[in-house]
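Derivation of every value follows stated rules applied to the coordinates shown; laboratory data play no part. Small disclaimer: the values here were computed from a predicted structure and weren't measured. Neighbour counts run over all protein chains shown; Cβ positions are idealised from the backbone, glycine included.
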Amino acid sequence: MSAALRFLTPGLLTTLQDQGRFGYQHLGIPVSGALDPVSLSAANLLAGNAPATAALEIAYQGPTLAVEADSVRIACAGASAAIEILTAGEAVRTRRLAMLRSARLERGDVLRIGALSGGSVLYVAAEGGFDVPPVLGSRSTFVRAGIGGVDGRALKAGDRLPLCRSSASERGELMLDELELAPPPRFRIILGPQDDYFGAEAIALLTQASFRVTAASDRMGMRLDGPRLKHSKGYNIVSDGIAPGTLQVPGNGLPIVLLADRQTTGGYPKIATVISADLPALGRLTPGAEVRFSPIDIEAAEALRRQLAAEMAALARRMLSVPGEVRIDPAALETSNLVSGMIDALGEG
Amino acid sequence: LTAADHIPHRPRYLAAGDTALVVEFGDAVDPELSALVLSLARRIEQAAIVGVVETVPTFRSLMVHYDPLQIANAELKRRIEPLLANLETSASKGRHWRLPVCYDASVGLDLADVAQRTGLSVAQVVERHSGTPFQVYMVGFLPGFAYLGGLPGELELPRRANPRLKVEAGSIAIAMAMTVIYSIESPGGWNILGRTPVKLWDLNRPQAALIGAGDQITFVPVSLREYERLALQARAGELSVTPGLAPA
């Protein structure tokens, strides 16, 4: 049987995502892709992949996966979660896997990921990637129209997600000492394209007031609660295009920030757009998070984007070798509590 | 004020963040605006500007998605500027589709309501909606979801007060001065006149989305029985329609 990860439990919303599906928005097909491309890149680089390789995007509650391959190397980055590796033997041994480190799992091992905290999404990359065909140039999943990923849907219990490699490569494990994931104090926006549909009072509220991410948020849009932004010329426009991070304001005056699965066109005025350098941090926000906005000009946004690109390029150079023996050796675990970034947290099962 | 007065060929450039530029020709649903937008879209495609990722034509503007690491907003505008000269102001001859549509009350759920609200008979509604080509202004909202202009004034109505939670794929519906085709099942508030058995969206085809902006569509009425026969063919993947050249 081909190498795969089998889903014992699927988690709440686990999908395959890569950098997104470009070139089809004129046919109404959303871009999709990772909500947090910085964490996606980090997970992939640690696993030994190109940064935009499709990985599992996990929201709210993680899955439990059984390794059905000779071995597999994985790495996790993003929101915090308890990540455990259960190894069957005479007694089940449970080890805890730290974030931002690659790890090698053997056939029969079970990877168990708990509830997420401190962020909306967590990425699990597998060395070599997952063996699913790209649809329209991307493996990203767009659930609403059943495009990409595994049969165009979220993973479910019993799924076998095929791996491109049948075993992990013979190499040491990698780690990152840190990954800056904290949100900026204020999300930078560029006003428009329809800021002229709002009065000065609404613009002032947008840039001075504080908003809160509501639970009615998903991969398509983040609904904010806060002061209502009053339209000056009505709230229906002749539909035009929608950019990533745009703040659409429907009739109730409460902005919706449009994210990865955003519709390609829309008929509500868009008061401002979050700059691309701040989109990964935006995608990480969880319901209840406070959001403030600060307007900047486009040249400043372009400079910030170059800065983010430089930081992401530097990730590959910041990878460190995990000192010591790479393979998990039960004997070594007995003499040292810390091997390869794994902590023998719970001891013998 | 004539129609031409509010159709400036000199568009406005509006920033939609640092990865998308809106080139806006106006703010109406209008055949001339649509022609300008589609004309610019073709030119930008031909110009193959490095850093332009894709363009999305809409009724009245073109959204240019770009990679700010490859081209800055200011440079993109400089590159678009020479492409604005002598844009086409009437629709160029695109593909022409003849789509079978069943205008039966069982699938045209709002047919009777539309007839009542417009003061026409059901037969008159069908007659005014079929037989003449409509222009596809844009595809958006959902994969393959097409917006068509050119609806006769007698059929202009607002959207339904209570949108439906579920509209079947293939539904042909009207509101304002437009017709839309629901490519996949979705919620929707447009007035449904009928349904086509042709799959507007099918990932099993090389070209998943059948229709593109700039195409023309003529709806050809078919009986419920014929619709059901064609729908069976479509489900088996055996119904293919091919476009002809748009009529003069």
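Points worth noting:
- Globularity ratio of the range A:10-113, using Cα Rg and 2.2 N^0.38 Å: 1.19
- The calculated pair-distance distribution of chain A uses every alpha carbon pair, bins of 10 angstrom beginning at 0, and gives 6, 25, 31, 22, 11, 5, 1, 0 percent.
- A:Ser166 versus A:Ala182: modelled label distance in nm, points set 7 Å from Cα along the beta carbon direction: 4.8 nm
- Cut-off 11 Å between beta-carbons: net charge of the residues surrounding A:Ala125, Lys and Arg +1, Asp and Glu -1: -2
- Percent of C-alpha pairs per 20 Å bin in the protein assembly as shown, short distances first: 19, 47, 28, 5, 0.
- Anisotropy class of chain B from Cα gyration tensor, a/c 1.5 cut: prolate
- Overall, the ratio between the Cα radius of gyration of the range B:151-248 and 2.2 N^0.38 Å, rounded to two decimals, is 1.14.
- Kirkwood Rh in Å, taken over the range B:182-228 so that all alpha-carbon pairs contribute: 12.8 Å
- Fraction of C-alpha pairs exceeding 18 angstrom in the range B:86-194: 47 percent, rounded to a whole number.
- Peptides B:152-161, B:27-36, B:132-141, A:228-237 ordered by average Cβ neighbours within 10 Å, highest first: B:132-141, B:27-36, A:228-237, B:152-161
- Inter-chain Cβ neighbour count for A:144-150, averaged per residue, equals 3 (cutoff 10 Å, partner chain atoms only).
- Once divided by 2.2 N^0.38 Å, the Cα radius of gyration of the range B:1-85 becomes 1.05.
- Think of it as helices only: each DSSP H run of n ≥ 4 in chain A is worth -39500 (n - 2.57), and spread over all residues that comes to -4500 deg cm²/dmol at 222 nm.
- Net dipole in debye of the protein assembly as shown [+1 Lys, Arg Cβ; -1 Asp, Glu Cβ; about Cα centre; nearest 20]: 620 debye
- Dipole in debye (nearest 20) - the range B:102-248, about Cα centre, beta carbon charges: Lys, Arg +1; Asp, Glu -1: 220 debye
- When you count the other C-beta atoms within 10 angstrom of each residue and take the mean per peptide, A:129-136, A:76-83, A:105-112 line up highest first as A:76-83, A:105-112, A:129-136.
- Loop-resident sites, the range B:164-248, for GluC sites (Glu not before Pro), counting at most 11 other Cβ within 10 Å (DSSP): B:Glu238
- Mean partner shielding of peptide A:304-310, defined as the number of other chain Cβ atoms within 10 Å of each residue Cβ, is 2.
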